[in-house]
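The values are calculated or read from the model by the stated rules, or taken from the named source; none is laboratory data. Not measured: the values here are computed from a predicted model. In this analysis, Cβ positions are derived from the backbone assuming ideal geometry, glycine residues included, and neighbour counts consider all displayed protein chains. All accessible areas refer to the heavy atoms of the entire protein, side chains included, with ligands and DNA or RNA removed. Shrake-Rupley method; radii C 1.70, N 1.55, O 1.52, S 1.80 Å.
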Amino acid sequence: MLFCKIDLLDENMCYQRDRYVGIRDGRIAYIGTKRPQENFGECYDGNHKLLMPGFVNAHSHSPMTLLRGYAENLALADWLNTRVFPFESKLTDEAIHHGALLAAAEMLRFGVTSATDMYFGGQAICEAFLKAGLKINLSIAPTCSDQTDLWDLPEYREAREIYAEYHGAGEGRIKIDMSIHAEYTSTPKVVGQMAEAVKGLGARMHVHLSETKAEQEACKERHGKTPARYFYDLGLFDVPATAAHCVWIEGEDFDILKEKGVTVANCPVSNLKLASGFCPVPRLLEKGINVGIGTDGAASNNSLNMLEEVKLFGILYKGVTGDPTVVTPAQALYAATRGGACSQGREDCGLVKEGFKADLIVVDTDRPYLHPRHDLACNLVYAGQGSDVTLTMVDGRVLYRDGEYTTLDYEKVVRDAEQSTSAILAQL
C-alpha cells in the first residue's frame, strides 16, 4: 500500500504534511515528499488524514471485557474479592477466547496494534489474537500464599506450556512473557524461583507494582521494604520488566526502576476510577524511566480507548503539580506508542520510520474539534477521539478500515461474548 499525500507524525512525534509512505513486506519502505517510482499497490488517499504509529496498550487484561460494568463503585480489595474473583472462577477457555476476541475488536477500532496482557487461559487468548492479527505480549501470573514451589503452581506450568507453543508465533506477533501477579499474592520463595527461571528462559517480566497505598504499606510492614525493593532484592528486575501502575512508589523506588531499565505502565483511568491514586509520571520522565500507557482491564476502565488514556495522561499532571508545562503532547504520544513498543522488546515498532514494522493507524482529521490546526499533535492529544481512527494496520496488513474488520466477524464476536457472559452470570 502507498499512503498518498498524507500528513504524519514523524519519528520525533512532529507533524509533517503531504508525505508519501510506502509499505512493503510488512515494513515501512519509503517516506518522502515525492511519489516513489516503485509500485506499492493501492494508493490510499491521505486527504484530511493523519498517519501515525499504532497505539501499544502497555497493560491490559483482555478477557475482562466480559466483566465490563459488572463490578462498580468499589475499592480495589472489594472489587476483586466480592465481584471479580467469583466471576473469573467460572470462566471457561471458550469464554476467555470470546472475551479476548471482543477486546481485540475494540482495540483495533481504537487504533491499538499491540497489547501487553496478563491473564490466564493463555492458549485461548493467543488463538484469539492470532485470529485478529494483533500483536501481544502475554503473561500468566502465578499466585501463591504458602510454601509451594513455583514449578508446582498450575499457572507457572501453563506459562511454560504456552511459552513453548506460542512464543514467536504469528511471525513474531505473539511473545510470551513471564509474570508475578504482585507482592501481596506471592511469596519470597516463589519470586526468587521465578527470577531464576526467567533469566534462564531469556524472557521478559510483567508485574503489578505499588497499585494502592494499602499494598505499599503492607509490604513495608511484612518485609521492611517497598514492593520495588522487595522485587529488586529477589532478582525479579534482572531481566527486562514492565511494572504496571506504580501509583505509590517512593524514595529509592525511582532509582531502582531507572537502574534496572524497568518500564512503568501507567493506567490513569483505571487508577482514578478505583480511587487508587495516580502514578508520579513527571518524576519518572525526569529520571529518564521509560513510561508506557495501558488501559488495564475493561472491568476497571471501562473501555480500551487509548486516546482517552492519552488525554488524561497529558492533562492530569498539570493539575496535580500546578505546572502546565509538565508532560508535553509529544511525551504523551511517545508513551502511548514507542514507549509501549520498547517495553515489549519490539525495537523496530512504534515509529513512522523507514525500516520499521508497519504497525500504523490513520486518523480522520476532518473533524470540527480538530480544526484549526495550529498544532495537530496537540489537537490529537487534547481533542482527539478514539472513534477518529479509520484504519488499523499490523505488519502491513489492514485489520480494520472504515468500520469493517478484515479478520473478524464483528457480529459473531459480540454475540459470543454476550452468550458467555450470560452463562457465567447464571452460575453466580
task = Restricting attention to the stretch 1-48, report how many residues are in a strand (DSSP E or B), open to solvent by 30 Å² or more (accessible area, probe 1.4 Å) and either polar (S, T, N, Q) or over 26 Å from residue 370 (Cα atoms) (or both).
result = 5
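Can we say residue 227 is under 24 Å from residue 147 (Cβ atoms) and open to solvent by 10 Å² or more (accessible area, probe 1.4 Å)? Can you show your working first?
Numbers: under 24 Å from residue 147 (Cβ atoms): yes; open to solvent by 10 Å² or more (accessible area, probe 1.4 Å): no.
Answer is no for this residue.
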query = Does the stretch 96-106 contain any residue that is surrounded by fewer than 22 Cβ atoms within 10 Å (Cβ to Cβ), of a type in the set (A, V, I, L, M, F, W, C) and either assigned to a strand (DSSP E or B) or at pLDDT 95 or above (or both)?
reply = no
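Give the residues of the stretch 51-93 that are within 19 Å of residue 105 (Cα to Cα), charged (D, E, K, R) and in contact (Cβ under 8 Å) with a residue 60 or more places away in the chain, sorted by residue number.
Initially, the stretch 51-93 is screened for residues within 19 Å of residue 105 (Cα to Cα), giving 53-69, 93.
Add one more test, that the residue is charged (D, E, K, R), and what stays is 68, 93.
Within the stretch 51-93, just 68 meets the criteria.
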inquiry  = Restricting to the stretch 363-380, name every residue that is open to solvent by 10 Å² or more (accessible area, probe 1.4 Å), closer than 16 Å to residue 305 by Cβ and touching a Lys or Arg at 6+ places or on another chain (Cβ under 9 Å).
reply    = 364
note = Residue count, the stretch 303-348, condition of a type outside the set (A, V, I, L, M, F, W, C), open to solvent by 40 Å² or more (accessible area, probe 1.4 Å) and either touching a residue at least 40 places away in the same chain (Cβ under 8 Å) or in a loop (DSSP other than H, G, I, E, B) (or both), comes to 11
inquiry  = Residue pairs, Cβ under 8 Å, 6 or more apart or interchain, first in the stretch 268-280 and open to solvent by 70 Å² or more (accessible area, probe 1.4 Å), second assigned to a helix (DSSP H, G or I) and polar (S, T, N, Q). List them.
reply    = 278/271
ask   = Which residue pairs have Cβ atoms closer than 7 Å, lie 6 or more positions apart in sequence or on different chains, and pair a first residue in the stretch 22-50 that is among the aliphatic types (A, V, I, L, M) with a second residue that is assigned to a loop (DSSP other than H, G, I, E, B) and open to solvent by 60 Å² or more (accessible area, probe 1.4 Å)?
value = 28/353; 28/354; 29/354; 31/354
task = Go through the stretch 155-172 and give me each residue that's out of contact with any Pro (no Cβ under 8 Å at 6 or more places or on another chain) and not charged (D, E, K, R).
result = 162, 163, 164, 166, 167, 168, 169, 170, 172
